[in-house]
Structures are given as structure tokens and as C-alpha cells.
Amino acid sequence: MNNTFAEPLRRAARLAAASCLLLSGGADAAMFDSGLPAGWECAGHCGTLAADGVVSLAPGGGSRYAYVSSVDSTRSDIFLPGVDDVAHSRTGSSLTSQAFSAIAGAQLKLQFNYVTSDGGGFSDYAWARLLDTGGQQVALLYTARTRQPGDVVPGFNMPAPDATLTPATIGIQGGNPAWSALGDASGQCYEAGCGHTGWVASQYTIASAGTYRLEYGVVNWGDNIYDSGLAFDGEASGIMPLPVPVPVPEPAGWGMLLAGLGLVGAIARRKRCA
């Protein structure tokens, strides 16, 4: 089969298999084992990692987790609406999932680990939220923010999350966090407040059936140095990813397909006449 048609068919088969997994088992805890899934959109710096530095694999997760990091990002248009400091100089990154349909009562069971090399008064922050197809927020799933002293989760001076967090509040595990997603800032620290939260759980029930997306983000607040990042994983039940659009064959490709079908038809006719 010509590669013009083979690859879209293979992609469709992979998506169908993923959908069956979600519907039958209700879990996608290993969804990042092969990298970021098809249809996910990154703005800035995103990726996946195995256990690395201070960030272990998520409890019950797969062999890799996903992350967003402010490292090398030039995006100044990424922030969490409602945060009181959106006018400050910043760079950030976000990762948005492909659209998925959810039944009423669908469960999101997410896990996250906030890591920062920026302490002192430079309050970098991160979040995850549930969006509708128009990009409007349906629910704030969790927040985290650099702070010394005090709780890092939920993020201070940020909107309260709609999900249930376990533990409900948590401070920073201090130190110079070594994590490759921090780039040159790995193992560095600007004043007290650096470190990581360890894995925190977030659980949310989607009330109404509909089509949604997940958004994960991180912002380097106030400056562009001493980066921060967010590692995340999770599972869900009662959802099905919508198909990712596949490339439409160009006219030449259609011609090859039609010619191939004509050849098959001619061979069949010859066999019947023989």
C-alpha cells in the first residue's frame, strides 16, 4: 500500500485502540509511555521523561510522564486568567490535550509534581484546567506556586481549584532540584523556596456530558531566569478521545488510488472470464 494512505490508516488504528482502552479499562496511566499523544498541542517547551532527578515516576503511572517547562520558551502570552500578576514580565509554556468526549460523571484522576529553581520573591506558578471546545475554563484542576515560607499547593493568590487535592495543602521539599526539564537551571537555586512538591493527586468529576480538552501550564514569573516546570500523569474513566484529523491525499495520490482500484477490478473481471 502507498505510504500516502498507509500512515493515515495506521494512525486511525492507533487512535481506535486507545479509545477502546479508555472505554474498557477506563485508565490511561501509561498514555505518555510513547511520548506525547497525537493531537496534543505544545506552546513553548513540553515533552516526556522517565524517572529523572528529583522527579520519580508517578505512583501507579506508566514508564514516562509528561512535563511543561519555562526553559527556552519565548512565549509571553501564556498565563492563568484570574492570577493577580499577569502584567509582570514572564515566559511560559502550555500543553493542551486533543479533544475528548466525556459522559456525565466521568472521572479525572490526575497527578502532578511542581519543580522550581526560582525562590525568593519570584513566584513562578503552574496549573491544570479543564476547557470546553471554545477554550473557556470549565474547572481549575490544580495550582502550584513558589513561596517561602508557606504552602506551595494550592498556589497562593491564585483561584481556588475545583478538584479535590490529596494532600489538600503541601509545602516545598527544599533544595537545589536536579531535573533535566529545568535545562541549565537544573541543580540551581535562587534563594529559599526552591525544590519540588513531590507527587500530588487531583480528582475531579465531570458533571455534564460534552466535549473537553485538558490544559497544563507553567509560568516563569517576573523574569526569564531560574526556570520552573510541572511534571504530570494521570488516568480517566468515561472519556473517549475524538479522532485526530488525518492528511487528505493530494490529487496525485487520489489518482494512484483510483488506478490501483481499477487494476484490481480488471484482474477480477479477467478471472471471471477465464
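The values are calculated or read from the model by the stated rules, or taken from the named source; none is laboratory data. Remember, it's a predicted structure, so these values are computed and weren't measured experimentally. Don't worry about glycine lacking a Cβ; one is built from the backbone with ideal geometry, like all the others, and counts go over all protein chains shown. For accessibility, only protein heavy atoms count, side chains too; no ligands or nucleic acids. Shrake-Rupley method; radii C 1.70, N 1.55, O 1.52, S 1.80 Å.
Looking across region 199-221, not a single residue is open to solvent by less than 10 Å² (accessible area, probe 1.4 Å) and either in contact with a Cys (Cβ under 6 Å, 6 or more places away or on another chain) or part of a loop (DSSP other than H, G, I, E, B) (or both).
Would you confirm whether any residue within region 222-232 is open to solvent by 70 Å² or more (accessible area, probe 1.4 Å), at pLDDT 95 or above and in a strand (DSSP E or B)? No, the conditions are met nowhere in region 222-232.
Applying the condition of being touching a helix residue (DSSP H, G or I) at 6+ places or on another chain (Cβ under 8 Å) and open to solvent by less than 40 Å² (accessible area, probe 1.4 Å) to region 37-51 and asking which residue is modelled with the lowest pLDDT yields 37. Within region 152-171, being farther than 12 Å from residue 123 by Cα, outside any strand (DSSP E or B) and open to solvent by 70 Å² or more (accessible area, probe 1.4 Å) holds for 160, 162, 169. Does region 147-161 include one or more residues that are over 19 Å from residue 185 (Cα atoms) and within 17 Å of the chain's Cα centre (by Cα)? Checked region 147-161: no residue is over 19 Å from residue 185 (Cα atoms) and within 17 Å of the chain's Cα centre (by Cα). When region 174-198 is filtered for residues that are under 21 Å from residue 51 (Cβ atoms) and part of a loop (DSSP other than H, G, I, E, B), the ones remaining, listed by number, are 175, 176, 177, 178, 179, 186, 187, 188, 194, 197, 198. Under the condition of being touching an Asp or Glu at 6+ places or on another chain (Cβ under 6 Å) and surrounded by 17 or more Cβ atoms within 10 Å (Cβ to Cβ), the residues counted in region 180-197 number 3. Could you check, for region 130-138, whether at least one of its residues is under 21 Å from residue 181 (Cα atoms), part of a strand (DSSP E or B) and either of a type in the set (Phe, Trp, Tyr) or open to solvent by 10 Å² or more (accessible area, probe 1.4 Å) (or both)? Within region 130-138, none of the residues are under 21 Å from residue 181 (Cα atoms), part of a strand (DSSP E or B) and either of a type in the set (Phe, Trp, Tyr) or open to solvent by 10 Å² or more (accessible area, probe 1.4 Å) (or both).
None of 63, 34 is of a type in the set (S, T, N, Q), out of contact with any Asp or Glu (no Cβ under 6 Å at 6 or more places or on another chain) and either at pLDDT 50 or above or crowded, with 16+ Cβ neighbours inside 10 Å (or both) except 34.
Against the definition (surrounded by 15 or more Cβ atoms within 10 Å (Cβ to Cβ), among the β-branched types (Val, Ile, Thr) and touching a Pro at 6+ places or on another chain (Cβ under 7 Å)), how does residue 143 come out, yes or no? It is true that residue 143 is surrounded by 15 or more Cβ atoms within 10 Å (Cβ to Cβ), among the β-branched types (Val, Ile, Thr) and touching a Pro at 6+ places or on another chain (Cβ under 7 Å). Looking only at residues of region 100-126 that are of a type in the set (D, E, K, R) and part of a strand (DSSP E or B), we find that the one that is surrounded by the fewest Cβ atoms within 10 Å (Cβ to Cβ) is 109.
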